[in-house]
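The block underneath contains the structure these notes are about, expressed in structure tokens.
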Amino acid sequence: MEFPIFKTKIPGKTKKFDLTDPVQASEYFEDKAGEEIAKIKKYLQKNTFVAYLLGKKNAGKGTYSKIFADIFGKDKVGHISVGDVVRAVDLEMADPQKKKELIEFLKKNYRGYYSLEEILKSQENRGTQKLLPTEYILALLKREISKLGRKALFIDGLPRTLDQVSYSLFFRELIGFRDDPDFFILIQIPEAVIDARIKSRVVCPKCQTPRNLKLLITKEVIYDEKEGKFYLLCDNPECQKARMVPKEGDELGIEPIRDRLVSDGQLIQQAFQLYGVPKVLLRNSVPVNQAKEMVDDYEITPEFVLEHIGGGKVKVSQKPWVVKDDQGVDSYSLLPQPVALSMIKQIAEILEL
């Protein structure tokens, strides 16, 4: 299963944009998808939709939905992460009043084969690999959606397993939702990209801001000659140039989550094969030998190359980041914006705008 390459390069458009700059990124979307953006904005004035995000862990689901919401307005677009919803319940369970309110809601809205007592016990002790019942998840989602009001929705985390695919097909009816168009957004990303993102990521020990030694550096980089390591210094003035460090276990890359990546891949495959459900196909990479025709050079993810030049000082240079895709083909990884651009254009087509 190989997703098609979406061509973002438009003949005759030669302007280059710095996609790390929010103002220029906004101009980029207007330049390349102004017509589709205008149509979707008009559509969202009176209508909504439900989009199910399916991609491997760390594929960028939250990033793409955030870009969409930034363009079309958070008053029109909502993003619901099933994982975040479930984790928020942990806090409610610790508050007697909120726990009581939760139980009252579930008594009215939950229908399933497990008792509420069993489910709440699973919620409190879900350190095991056993997933919470789908019917319980649907009840929590119904409550979360009622808080958001009338918005287009990006659902991240449903379906989570193969047997939940059928639930997502009838999601609107199951929760008594409005009659919105719904569709899958399937994301294809090379595992080499996920692996490198994990192995190279670092975080500030004070403010927890994440960065990446290879892909997203800070303004100041140093080299510790004694340790023989490069360090990013946090940009937050309050952290007083704290050294950013990797999280424990990140050196293993994707190995700890390999089983999850396999199951995610199976989900994407099954959703891809479904008939009668519109699909947005997002692809994070483009083969090197096709890149010149399909994308602009500034849409390619840059790799930061760090070179120690003595005295702890570091020279920083950039080059296009080349990775092997899952078929072993040399490919460029794309920045989030061109992938989101293809999403916007495909959504406009699905909505028949």
Options Leu138, Leu102, Leu132: the member that is of a type in the set (A, V, I, L, M) and more than 20 Å from Leu53 (Cα to Cα): Leu102
Among the residues listed as Lys57, Lys46, Lys74, Lys42, the single one being modelled with pLDDT of 95 or more and over 18 Å from Ser342 (Cβ atoms): Lys42
Filter result for Tyr223 (touching a strand residue (DSSP E or B) at 6+ places or on another chain (Cβ under 6 Å), in a strand (DSSP E or B), outside the structural domain of Glu135 (by TED's automatic domain parsing) and farther than 27 Å from Glu299 by Cα): yes
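Yes/no matrix, rows are residues, columns are (1) over 20 Å from the mean Cα position of the chain (by Cα); (2) of a type in the set (Val, Ile, Thr); (3) assigned by TED's automatic domain parsing to the domain that holds Ala340; (4) surrounded by 18 or more Cβ atoms within 10 Å (Cβ to Cβ):
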{"position": "Pro246", "(1), (2), (3), (4)": "yes, no, yes, no"}
{"position": "Leu252", "(1), (2), (3), (4)": "yes, no, yes, no"}
{"position": "Arg258", "(1), (2), (3), (4)": "no, no, yes, no"}
{"position": "Val262", "(1), (2), (3), (4)": "no, yes, yes, no"}
{"position": "Gly265", "(1), (2), (3), (4)": "no, no, yes, no"}
{"position": "Ala291", "(1), (2), (3), (4)": "yes, no, yes, yes"}
Helices (runs of 4 or more DSSP H) fully within the stretch 74-147 counting 2 or more residues that are of a type in the set (Lys, Arg) and out of contact with any Pro (no Cβ under 6 Å at 6 or more places or on another chain): 96-109
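The values are calculated or read from the model by the stated rules, or taken from the named source; none is laboratory data. Keep in mind it's a predicted model, so treat the numbers as computed, not measured. All Cβ positions, glycine included, derive from the backbone under ideal geometry; neighbour counts span all protein chains shown.
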